[in-house]
Amino acid sequence: MNIHRVLRDLVTTARIPDLQHRSLRVVEDDSGDLEVALDAVGTRPGDFVITMRTSAARHATGDPSITTDLTIGGIIDHWTEERWYD
Amino acid sequence: MNIHRVLRDLVTTARIPDLQHRSLRVVEDDSGDLEVALDAVGTRPGDFVITMRTSAARHATGDPSITTDLTIGGIIDHWTEERWYD
Amino acid sequence: MNIHRVLRDLVTTARIPDLQHRSLRVVEDDSGDLEVALDAVGTRPGDFVITMRTSAARHATGDPSITTDLTIGGIIDHWTEERWYD
Amino acid sequence: MNIHRVLRDLVTTARIPDLQHRSLRVVEDDSGDLEVALDAVGTRPGDFVITMRTSAARHATGDPSITTDLTIGGIIDHWTEERWYD
Amino acid sequence: MNIHRVLRDLVTTARIPDLQHRSLRVVEDDSGDLEVALDAVGTRPGDFVITMRTSAARHATGDPSITTDLTIGGIIDHWTEERWYD
């Protein structure tokens, strides 16, 4: 799993039906690279989270027919890694 | 999911049957790297979109027998990320 | 999908049975990085092609029991991208 | 498989049910990049391990319904690679 | 598929049962980056080989229950690529 920080929501009015109405979040890694993840746990901006890719991302939503390739699967209790930027 | 900007269409007269007649788009990421994505929502050049990879890409087309590994699954309503190049 | 240029054939006399006798090609991307792709459309050196990865690569061969992770799925009619090296 | 070094445990009180109560470890590669892996063999900090990605990660847990995309599958007996940092 | 050079064996006495007793090899790419691959063809140090990733890696072993994500699937007859380092 990767470690990401939640930045904010992402709105996509035009989207495929398979994403249903699940919440999408813009997340960043420790290099500042941005990706979009489906939120399966309920996060707030600033949370440090773990994310799953590939087929695990679909199953982590609780419904493998949801076509995400990156899903937030947990909130890290404390993240004090000194290498994290900023 | 990744964030891409749609550049233009891509024509491949010689192609495998599994791609059917689905529209392909050249997309770029925030580094200017180019990839080719199947368009499942109907986009126009300049749109900022989210794209799915791996098995999610096939399912996002609505027909998992379509052998794409990158599919446009939604159009971002507003994208004002200051890190995006240009 | 990725954009690759076909360089030449690759011969592997000792290979697993699951690759059957399918043709393999050395391909390069716009950075000059080399990979090996199964050719499902019939290409010639110099062709610009689109390639599929992950499970889409197996299905793109027409026989998902073929264990490739990169398959050439189409020939680009015209490729005039100025960013392409050389 | 990748070669990782185990750094420490990772606690995620809020997590999806599919991860069950499996132990998660922060691991680093030879560049110092950090990822989170499910531990299927029982490791200690400092161990050099091999890790599996994609669908192999789920099956390596012994229960493919566990939605991990990175699983520790073995402890390397001796690792004396001079390229490893530090 | 990727092009790798076989360096040497890797011993993991503590390993998950799904890897069975298959031989693992340390392989390097043309940048000198190291990975661990399951050997499905019988290689020797110094061989240039092609490797498969993702679900193709499991099927390439002849037994998809083996949880590898990188498998050696063929030995290249001649490899004279001038870009290869060293």
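The values are calculated or read from the model by the stated rules, or taken from the named source; none is laboratory data. It should be emphasised that the depicted structure is a prediction, and the values quoted were computed from it without experimental measurement. As a convention, Cβ positions derive from the backbone with ideal geometry for all residues, glycine included, and neighbour counts pool all protein chains shown.
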Exactly one of D:I66, D:I72 is under 15 Å from A:I72 (Cα atoms) and either of a type in the set (A, V, I, L, M, F, W, C) or over 13 Å from the mean Cα position of the chain (by Cα) (or both), and that residue is D:I66
Which of the numbered conditions does B:H4 fail, given that it passes all the others? Conditions: (1) touching a residue at least 60 places away in the same chain (Cβ under 8 Å); (2) more than 18 Å from C:D29 (Cβ to Cβ). (2)
Return the residues of the stretch C:40-54 that are part of a loop (DSSP other than H, G, I, E, B) and either at the interface with chain B (Cβ under 10 Å from one of its Cβ atoms) or of a type in the set (D, E, K, R) (or both); say none if nothing qualifies. C:A40, C:V41, C:G42, C:T43, C:R44, C:D47
Selected residue (only one of C:A37, C:A57 is in a helix (DSSP H, G or I), touching a strand residue (DSSP E or B) at 6+ places or on another chain (Cβ under 6 Å), modelled with pLDDT of 95 or more and within 14 Å of chain B (Cβ to nearest Cβ)): C:A57
Does E:D47 satisfy being acidic (D, E) and touching an Asp or Glu at 6+ places or on another chain (Cβ under 8 Å)? no
Which residues, counting only those in the stretch B:1-40, are polar (S, T, N, Q) and buried (at least 17 other Cβ atoms within 10 Å of the Cβ)? B:N2, B:T12
Looking only at the stretch A:1-40, filter to residues that are within 10 Å of the chain's Cα centre (by Cα) and not aliphatic (A, V, I, L, M); which one of those is farthest from B:V49 (Cα to Cα)? A:N2
Somewhere in the stretch C:21-29, is a residue assigned to a loop (DSSP other than H, G, I, E, B), without any contact (Cβ under 8 Å) to a residue 24 or more places away in the chain and more than 12 Å from chain B (Cβ to nearest Cβ)? yes
Residue in the stretch E:58-79 that is surrounded by the most Cβ atoms within 10 Å (Cβ to Cβ), counting only those that are touching a residue at least 60 places away in the same chain (Cβ under 8 Å) and among the β-branched types (V, I, T): E:I72
Any residue at all in the stretch D:1-8 that is within 14 Å of chain A (Cβ to nearest Cβ), part of a loop (DSSP other than H, G, I, E, B) and either in contact with a Leu (Cβ under 6 Å, 6 or more places away or on another chain) or of a type outside the set (A, V, I, L, M) (or both)? no
Among what's in the stretch E:41-57 and is within 10 Å of the chain's Cα centre (by Cα) and under 19 Å from D:S55 (Cα atoms), pick the residue that is surrounded by the most Cβ atoms within 10 Å (Cβ to Cβ). E:M52
Give just the number: which of (1) in contact with a helix residue (DSSP H, G or I) (Cβ under 9 Å, 6 or more places away or on another chain); (2) within 13 Å of chain D (Cβ to nearest Cβ); (3) part of a loop (DSSP other than H, G, I, E, B); (4) closer than 25 Å to C:S65 by Cβ does E:G62 not satisfy? (2)
Would you confirm whether any residue within the stretch E:5-24 is of a type in the set (S, T, Y) and in contact with a Gly (Cβ under 6 Å, 6 or more places away or on another chain)? yes
Sole exception among (1) over 15 Å from E:T51 (Cβ atoms); (2) modelled with pLDDT of 95 or more; (3) assigned to a loop (DSSP other than H, G, I, E, B) for C:D77, by number: (2)
Count of residues meeting criterion [farther than 24 Å from E:E35 by Cβ and in a loop (DSSP other than H, G, I, E, B)] in the stretch D:9-20: 5
Identify all residues within the stretch B:65-74 that are small (G, A, S) and not in a strand (DSSP E or B); write none if there are none. B:S65
